[in-house]
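Only one structure is covered here, and it is reproduced in the block below.
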Amino acid sequence: MKYLGIQPARPKVAVFDFTGCEGCELQLANKEASLGAFLASVEVVNFREISSEARDDYAIAFIDGCISRDDEVKRLQAIRGRAEVLVAMGSCACFGGVHRMKNAFDLAEANAEVYGDAPKETSPVRAVKEVVPVDLEIPGCPVSKAEIERIVQHVVLGVPFAFPVYPVCVDCKHQFTTCMFEHGELCLGPITRAGCGAPCPAGGLGCWGCRGPSEDCNIEEFRALAAERGFEARELTERLAFFGGFEELR
Ligand code: SF4
Ligand code: SF4
Ligand code: SF4
């Protein structure tokens, strides 16, 4: 596949799943209209969801999921050792995702409550960057199909990719979505990084902040605004904790 008459490099790519629902890697594979172009622009050498290939000669490794067991730490370190570029894909990989909520509990107690006499090995949830160096983070639960396709194009062509610096509200305004915050729904859109296309407000829900904070977001001002509109501090704190992206700001 040529671009401007130039044959781009076809990098060897691998996708690996850790603790997560595997929904982010499914985003790479779930649209037949563009799957062919994706497969033509990269050489997939290891991607359990779509291929029986399981080679270790990859240049780019996409990591789906967070790290919640010791064996995952060792596996991730081995992948980092082989990959030239390591990409954290999705909110689980970037922030710990919904799994990070378990860190607020006593793990032994929670394990016994869920698994009774057959406890499972588990450790506090960590984002990928808390275990190994990460070259690029792509947030979202799941990642946006359109955005990850653009990123793959940029990587293949060797062109730097820039995420939007503005909040989700701008995505809403672009598509004339009725503001849910104005209609009494708690919405983290004013402090969350855009780029998802604001599907939650378009579907009648407030934003839950799965993409983490937008650049220079003013969380204190947002807290004051939410309080002014009658939302309890506890409700806001719980929502900020949901995907783990606001942990450093809460
Ligand atoms: S970020 Fe969401 S969609 Fe992606 S693996 Fe985690 S839970 Fe699944
Ligand atoms: S619905 Fe939320 S994200 Fe959309 S404009 Fe209103 S506050 Fe912003
Ligand atoms: S609107 Fe908010 S919760 Fe929904 S996909 Fe976008 S960032 Fe995530």
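For Ile50, the requirement of being within 19 Å of the chain's Cα centre (by Cα) and β-branched (Val, Ile, Thr) is not met. Here Val155, Val159, Val143 are screened, and the one residue that is within 16 Å of ligand 1 (Cβ to nearest atom), closer than 29 Å to Val13 by Cα and out of contact with any Ser or Thr (no Cβ under 8 Å at 6 or more places or on another chain) is Val143. Among the residues of the stretch 125-136, some residue qualifies, meaning at least one is in a helix (DSSP H, G or I), within 16 Å of the chain's Cα centre (by Cα), away from ligand 2 (no atom under 16 Å from the Cβ) and not aliphatic (A, V, I, L, M).
Among the residues making up the stretch 142-166, those that are part of a loop (DSSP other than H, G, I, E, B) and more than 16 Å from ligand 2 (Cβ to nearest atom) are Pro142, Val143, Gly158, Val159, Pro160, Phe161, Ala162, Phe163. Only one entry of Asp64, Asp57, Asp71 meets the criterion of being touching a helix residue (DSSP H, G or I) at 6+ places or on another chain (Cβ under 7 Å) and among the acidic types (Asp, Glu), and that entry is Asp64.
For the stretch 201-233, a residue qualifies if it is surrounded by fewer than 23 Cβ atoms within 10 Å (Cβ to Cβ), among the hydrophobic types (A, V, I, L, M, F, W, C) and within 15 Å of ligand 3 (Cβ to nearest atom), and the qualifying residues are Ala202, Leu205, Trp208, Cys217, Phe222.
Within the stretch 200-211, residues that are closer than 15 Å to Cys141 by Cα have Cβ atoms under 7 Å from residues that are among the aromatic types (Phe, Trp, Tyr) and not in a loop (DSSP other than H, G, I, E, B) in these pairs: Gly206/Phe181, counting only partners at least 6 apart in sequence or on another chain. Within the stretch 186-236, the set of residues being in a helix (DSSP H, G or I) and β-branched (Val, Ile, Thr) comprises Ile191, Ile219.
Every read-out reported here was derived from the displayed coordinates using simple, explicitly stated rules and does not represent laboratory data. Being a predicted model, the structure only gives us computed values, none of them experimental. We place every Cβ from the backbone using ideal geometry, glycine too, and count neighbours over all the protein chains shown.
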